[in-house]
Amino acid sequence: MTFRNAQEAQESRSAIEEVSVEDTNTAITAALVAMGFAGTIEVTGKEAKIQDQGRPNAATVQNFTLAVLLGLAIPYFLSF
C-alpha cells in the first residue's frame, strides 16, 4: 500500500499489527479455500514495515509504502 504521508502509513501499520496471527491465518486460509485451495497453510508470524520512497522535490510527491511480511508454513504439495 502506498500513502502520501507518514501519519497515514503509521495508522495503517498500527491497525495491521493489532490483528492477531491467528486471525490473519483464518482470513488467509478462508481466501485460499474460496479460490479452490485444498491443503493446509499456517501463518507463523507477521510484520509491517514502512519505507520512505524518497524525498519530495518540486516535481514529485513523497510516498510511503507499507509492506506486510508474512511467515508461512506450507506443505510442499499444494493443489488448486
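The values are calculated or read from the model by the stated rules, or taken from the named source; none is laboratory data. Given the structure is predicted, the values throughout are model-derived calculations rather than measurements. Please note: Cβ atoms are built from the backbone with ideal geometry, for glycine as well, and neighbour counts cover all protein chains shown.
Go through the range 10-20 and report how many residues are touching a strand residue (DSSP E or B) at 6+ places or on another chain (Cβ under 6 Å) and either assigned to a strand (DSSP E or B) or loosely packed, with under 13 Cβ neighbours inside 10 Å (or both). Spell out how you get there, then give the answer.
First pass over the range 10-20, keeping only residues touching a strand residue (DSSP E or B) at 6+ places or on another chain (Cβ under 6 Å): 12-13, 16-17.
Checking which are either assigned to a strand (DSSP E or B) or loosely packed, with under 13 Cβ neighbours inside 10 Å (or both) leaves us with 17.
Matching residues across the range 10-20 total 1.
Name the pairs: first residue in the range 36-53 and within 19 Å of residue 2 (Cα to Cα), second residue assigned to a loop (DSSP other than H, G, I, E, B) and at pLDDT below 85, Cβ to Cβ under 6 Å, at least 6 apart or on different chains?
These pairs meet every condition: 53/63.
Looking at the range 46-80, which of the residues that are β-branched (Val, Ile, Thr) and at pLDDT below 75 is surrounded by the most Cβ atoms within 10 Å (Cβ to Cβ)? Explain how you work it out, then say what you get.
Residues of the range 46-80 β-branched (Val, Ile, Thr): 50, 60-61, 65, 68, 74.
From the residues that got through so far, the ones that are at pLDDT below 75 too are 60-61, 68, 74.
On the way: 60: 10, 61: 10, 68: 15, 74: 10.
In this case the residue turns out to be 68.
Taking residue 43 as the residue in question, decide whether it is surrounded by 11 or more Cβ atoms within 10 Å (Cβ to Cβ), β-branched (Val, Ile, Thr), modelled with pLDDT of 80 or more and in contact with a helix residue (DSSP H, G or I) (Cβ under 9 Å, 6 or more places away or on another chain).
Details: surrounded by 11 or more Cβ atoms within 10 Å (Cβ to Cβ): yes; β-branched (Val, Ile, Thr): yes; modelled with pLDDT of 80 or more: yes; in contact with a helix residue (DSSP H, G or I) (Cβ under 9 Å, 6 or more places away or on another chain): yes.
It is true that residue 43 is surrounded by 11 or more Cβ atoms within 10 Å (Cβ to Cβ), β-branched (Val, Ile, Thr), modelled with pLDDT of 80 or more and in contact with a helix residue (DSSP H, G or I) (Cβ under 9 Å, 6 or more places away or on another chain).
Considering only the range 1-22, state which residues are small (Gly, Ala, Ser) and closer than 21 Å to residue 63 by Cα. Lay out the reasoning, then the answer.
If we filter the range 1-22 for residues that are small (Gly, Ala, Ser), which is where we start, we get 6, 9, 12, 14-15, 20.
Within the range 1-22, 6, 9, 12, 14, 15 meet the criteria.
Report yes if some residue within the range 4-17 is within 17 Å of residue 67 (Cβ to Cβ), among the charged types (D, E, K, R) and in contact (Cβ under 8 Å) with a residue 60 or more places away in the chain; otherwise report no.
Yes, the range 4-17 contains a residue that is within 17 Å of residue 67 (Cβ to Cβ), among the charged types (D, E, K, R) and in contact (Cβ under 8 Å) with a residue 60 or more places away in the chain.
Can you name every residue in the range 21-53 that is of a type outside the set (A, V, I, L, M, F, W, C), under 18 Å from residue 66 (Cα atoms) and not in a helix (DSSP H, G or I)?
Here is the first cut: in the range 21-53, the residues of a type outside the set (A, V, I, L, M, F, W, C) are 22-26, 29, 36, 39-40, 42, 44-47, 49, 51-53.
Going one step further and asking which of them are under 18 Å from residue 66 (Cα atoms), we end up with 24, 45-47, 49, 51-53.
Result: 45, 46, 47, 49, 51, 52, 53.
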